[in-house]
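All remarks here apply to the structure that follows.
The values are calculated or read from the model by the stated rules, or taken from the named source; none is laboratory data. If you're wondering where the values come from, they're calculated on a predicted model, not measured in any experiment. Just the protein is used for accessible areas: all its heavy atoms, side chains included, with ligands, DNA and RNA removed. Shrake-Rupley method; radii C 1.70, N 1.55, O 1.52, S 1.80 Å.
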Amino acid sequence: QVQVVESGGGLVQPGGSLRLSCAASGSIFSFRTMGWYRQAPGKQRELVADITSSGNTNYAGSVKGRFTISRDNAKSTVYLQMNSLNPEDTAVYYCNAIKRLDVYWGQGTQVTVSS
């Protein structure tokens, strides 16, 4: 069973930064894509960014230029560096990992942007 564990959420002021981490059990190369999604209260879960096993990245328009997804192959970990945060970024952030046709989700980590 694949385990996906997120960490790094918290409370930050507008304009601040946070870095989220997502650790997946097993070799990171076994996952064709790993990504970050978020869900704000009353809204649907949406893609924030993802990265393929070959390193190709994809971002939602609302975070492009502010967020950066990256991976550490040795640690089987994917990171989401979030800069210039604003209150609209407040949500529970979820990491997922796709292995063949199976999708694995973490438990989520809360990010709150507020003064």
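How large is the Kirkwood hydrodynamic radius of the chain, in angstrom, based on all distinct alpha carbon pairs?
Averaging 1/r across every pair of different Cα atoms and inverting gives 14.0 Å.
Mind checking which lysines have their Cα closer than 19 Å to the Cα of Lys99? Skip sequence neighbours fewer than 8 apart in that chain.
Candidates past the 8-residue exclusion: Lys75.
Quick one: work out the % antiparallel among DSSP beta bridges in the chain, nearest 5.
The antiparallel fraction comes to roughly 95 percent.
Ordering Trp105, Trp36 from largest to smallest accessible area (1.4 angstrom probe), what's the sequence?
Trp105, Trp36
Quick one: how many Å² of Ser70 are accessible to a 1.4 Å probe, rounded to 10?
Its accessible surface works out to 50 Å², give or take rounding.
If one computes the Cα centroid of the stretch 10-69 and of the stretch 96-115, what distance in Å separates the two points?
Cα centres, the stretch 10-69 to the stretch 96-115: 8 Å.
Please turn the phi angles of the stretch 76-88 into ³J(HN,Hα) values with the Karplus equation 6.51 cos²θ - 1.76 cosθ + 1.60 (θ = phi - 60°), one per residue in order, whole Hz, x for glycine and proline.
So the Karplus estimates, Gly and Pro as x, are 6, 10, 10, 10, 10, 8, 10, 10, 6, 5, 10, x, 5 Hz.
Can you list the aspartates and glutamates whose alpha carbon sits under 15 Å from that of Lys64, skipping same-chain ones fewer than 8 residues off?
Glu46, Asp50, Glu88, Asp89
As a test of reading the structure, rank Glu46, Glu88, Glu6 by solvent-accessible area (1.4 Å probe, protein chains only), most first.
Result, largest first: Glu88, Glu46, Glu6.
Collect residues whose amide H, placed 1.01 Å from N in the peptide plane, falls under 5 Å from the amide H of Gly16; neighbours closer than 5 in sequence don't count.
Under 5 Å from the amide H of Gly16 lie the amide H atoms of Leu85, each far enough along the sequence or on another chain.
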